[in-house]
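Colleague: Got a structure here, written out as structure tokens. Questions coming.
The values are calculated or read from the model by the stated rules, or taken from the named source; none is laboratory data. The shown structure was predicted, so the numbers you read here are calculated from the model rather than taken from an experiment. Heads up, the Cβs are rebuilt from the backbone with ideal geometry, glycines too, and the neighbour counts pull from every protein chain shown.
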Amino acid sequence: MLNFPFDLPYGSLLNYIPNKKYDQAQKSREVIAKVKSGNEKIIKQIISLIDERPIAEALKHFLTPRALLVPIPRSSLMMTGSVWPSKIIAEEMIKQGYGQQVKYMLERRIAVRKSSQQSSEDRPSIKEHIDSLHICAPAELTDPETIILVDDVVTKGSIAIACFECLRNIYPDHRFMLFTIAKTQGFGGTGELDALAPHTGIIRYYESGNCYRDPS
């Protein structure tokens with residue numbers, strides 16, 4: 001039984017401004033486009049930066065050798081040859097020592113609208129995400145420290161909360177967290193926004209079914 005509001009901790013490495021109005025964020029958009037396309041070389045380079053200080057200090061309580069990594073499904077259905085960026089990220093994290101194993105426990109059974117292509121009002125709700133997901137392979141866990149949900153970019157956090165909701169009844173005694181390559185930064189900001197920006201925060205989940213990311 002959850003005590004509301006519930007806080008899902010998250011950590012990320014980069015800032016990302018998708019709005020093309022901000023020219024200074026062009027390099028950030030190019031990097032994230034490569035991540036979303038499943039570019040293994042770029043993903044490997046980004047994950048390798050975790051070893052650099054102060055990144056290790058900022059994220060060390062997220063990325064432990066004993067964690068179980070669960071990639072978050074894409075919004076579309078998986079087809080032969082489909083790219084699954086979260087899977088590539090999680091597998092690279094294991095190669096570099098940030099986790100015990102990867103388990104592909106969640107899949108989409110119904111496609112949903114891509115949040116990145118919707119206004120904030122039209123993005124899929126947490127309930128829509130939950131209804132679209134299927135637990136395909138529950139894992140027998142060997143007492144990992146943490147279950148880390150892995151994704152490429154976090155905006156509001158609805159899909160991460162939906163994945164947590166799907167798994168928490170199976171693993172009520174485990175701690176859940178979210179790790180992403182980047183967090184979406186609001187419509188503003190200055191500077192070279194593809195620069196390394198290790199960040200931690202929470203996604204606060206309310207009994208009403210709403211959530212928000214803090215800091216936003």
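Colleague: Out of (1) over 16 Å from Thr155 (Cα atoms); (2) out of contact with any helix residue (DSSP H, G or I) (no Cβ under 6 Å at 6 or more places or on another chain); (3) loosely packed, with under 14 Cβ neighbours inside 10 Å; (4) at pLDDT 90 or above, the odd one out for Pro54 is which?
Modeller: Of (1) over 16 Å from Thr155 (Cα atoms); (2) out of contact with any helix residue (DSSP H, G or I) (no Cβ under 6 Å at 6 or more places or on another chain); (3) loosely packed, with under 14 Cβ neighbours inside 10 Å; (4) at pLDDT 90 or above, only one is false for Pro54: (4).
Colleague: Right, here's the next one. Please find, within segment 10-55, the residue that is nearest to Pro198 (Cα to Cα) out of those that are touching a residue at least 60 places away in the same chain (Cβ under 8 Å) and of a type in the set (S, T, N, Q).
Modeller: Selected residue: Ser12.
Colleague: Quick one: how many residues across segment 15-39 are among the aromatic types (Phe, Trp, Tyr) and either within 10 Å of Pro85 (Cβ to Cβ) or surrounded by 20 or more Cβ atoms within 10 Å (Cβ to Cβ) (or both)? Even if it seems obvious, please write down each step before you answer.
Modeller: Step one: filter segment 15-39 for residues among the aromatic types (Phe, Trp, Tyr), giving 16, 22.
Those still in the list that are either within 10 Å of Pro85 (Cβ to Cβ) or surrounded by 20 or more Cβ atoms within 10 Å (Cβ to Cβ) (or both) too: 16.
Summing the residues that are among the aromatic types (Phe, Trp, Tyr) and either within 10 Å of Pro85 (Cβ to Cβ) or surrounded by 20 or more Cβ atoms within 10 Å (Cβ to Cβ) (or both) in segment 15-39 gives 1.
Colleague: Consider Pro65 against the criteria (1) assigned to a loop (DSSP other than H, G, I, E, B); (2) in contact with a helix residue (DSSP H, G or I) (Cβ under 7 Å, 6 or more places away or on another chain); (3) under 21 Å from Tyr98 (Cβ atoms): it satisfies all of them except one. Which criterion is unmet?
Modeller: In the conditions (1) assigned to a loop (DSSP other than H, G, I, E, B); (2) in contact with a helix residue (DSSP H, G or I) (Cβ under 7 Å, 6 or more places away or on another chain); (3) under 21 Å from Tyr98 (Cβ atoms), Pro65 misses (2) alone.
Colleague: Within segment 121-149, track down each residue that is over 14 Å from Gly209 (Cα atoms), out of contact with any Lys or Arg (no Cβ under 8 Å at 6 or more places or on another chain) and surrounded by 21 or more Cβ atoms within 10 Å (Cβ to Cβ).
Modeller: The answer is Ile148, Leu149.
Colleague: Give the residue that is modelled with the highest pLDDT, with candidates limited to residues of segment 150-185 that are part of a loop (DSSP other than H, G, I, E, B) and within 17 Å of the chain's Cα centre (by Cα).
Modeller: By that ranking, first place goes to Gly157.
Let's see how each residue does on (1) among the hydrophobic types (A, V, I, L, M, F, W, C); (2) modelled with pLDDT under 95; (3) assigned to a loop (DSSP other than H, G, I, E, B):
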site	(1), (2), (3)
Val83	yes, no, yes
Ile94	yes, no, no
Tyr98	no, yes, yes
Val112	yes, yes, yes
Pro124	no, yes, yes
Asp131	no, no, no
Ala139	yes, yes, yes
Ile148	yes, no, no
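Colleague: Given Lys60, Lys103, which one is surrounded by fewer than 22 Cβ atoms within 10 Å (Cβ to Cβ), touching a strand residue (DSSP E or B) at 6+ places or on another chain (Cβ under 9 Å) and without any contact (Cβ under 8 Å) to a residue 40 or more places away in the chain?
Modeller: Working: Lys60 fails: touching a strand residue (DSSP E or B) at 6+ places or on another chain (Cβ under 9 Å).
Of Lys60, Lys103, the one residue that is surrounded by fewer than 22 Cβ atoms within 10 Å (Cβ to Cβ), touching a strand residue (DSSP E or B) at 6+ places or on another chain (Cβ under 9 Å) and without any contact (Cβ under 8 Å) to a residue 40 or more places away in the chain is Lys103.
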